[in-house]
Amino acid sequence: MRPGAPTRNGKGRGPRRVSSERFMPRIDTVLLDRDGTVIVDEHYLCDPARVRLLPGAGQALARLAASGARLFLVSNQSGIGRGYFTQVGHLAVQARLEELLCEHGVRLAGAAFCPHAPDAGCPCRKPGLGQWEALRDRHGLDAATTAVIGDKASDVAFGHALGAAVTVLVLTGHGEQQAQSLGLPPLAGEAMDLTGETPDGRPWPDVLARDLAAAVERIVGK
């Protein structure tokens, strides 16, 4: 995110700490996790009638879109591989989400998902890079101007693995529990910058944010 910042492979990382606010690069692409980040996390969601935007999510994405950023969803949907619902059910949920976003003037530029169970060993399950590679090749994306926002440590690892300019963990959905698992300090304010990794080498997010609106404020505000 700035000259001299820690490298993505962990080398050169300083002590684990809250970082002073750093330079935010120009972001023209945002990869968003779905459940717990944009919509309420319903366990193995397959009913379009249960799709609900998280409070402030529609407005936050409208602000991102107004800044010129292209918005993409990237999600792990292991319920398909586990046999809990079908790809048709997933696409119906996706269609309902897009309807709700349209009410806020937001149109997604694209979406990718992994339908496999965790033990399938596929490259498209985050933090694997299959979803990123598919979207990158289809839409000409550049990691250097891409932000990743999600509510799980796998989203953080995904962002770091693809070399994203900034990776944000939000405290909605599973975010509170995931922040604890990563040993992150308590959030001060709406968002704060971080530098570090866990003792076993799992990366910290570049930014910890209360919710999607706070993440967007950190990315496009100021």
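Read-outs throughout are calculated quantities, based only on the coordinates presented, and are distinct from any laboratory measurement. All figures in this text were calculated on a predicted structure; none of them were measured in a lab. Ideal geometry is used to build each Cβ from the backbone, glycine not excepted, and the neighbour counts take in all protein chains shown.
Some values worked out for this structure:
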read-out	value
Mean ellipticity per residue at 222 nm, deg cm²/dmol - from DSSP H runs of n ≥ 4 across the chain, formula -39500 (n - 2.57)	-8500 deg cm²/dmol
Added length on full extension, which subtracts the Cα-Cα distance from 0.36 nm per residue, Ala95 to Ala188	29.9 nm
Cα principal axis extents for region 132-222, largest first, Å	38, 34, 22
Label-point separation in nm, Thr86 to Ser181, each point 7 Å along Cα→Cβ	3.2
Packing-based exposure ordering (other Cβ within 10 Å, fewest first) of His90, His139	His139, His90
Extension gain (nm, one decimal) between His139 and Arg22, 0.36 nm per residue minus Cα-Cα	39.3 nm
Footprinting exposure proxy for Glu176, Glu197 (fewest neighbouring C-beta atoms within 10 Å first)	Glu176, Glu197
Projected area, mean over directions - the chain, Cα convex hull, nm²	11.5
Residue exposure sequence - Arg218, Arg210 - by fewest surrounding Cβ within 10 Å	Arg210, Arg218
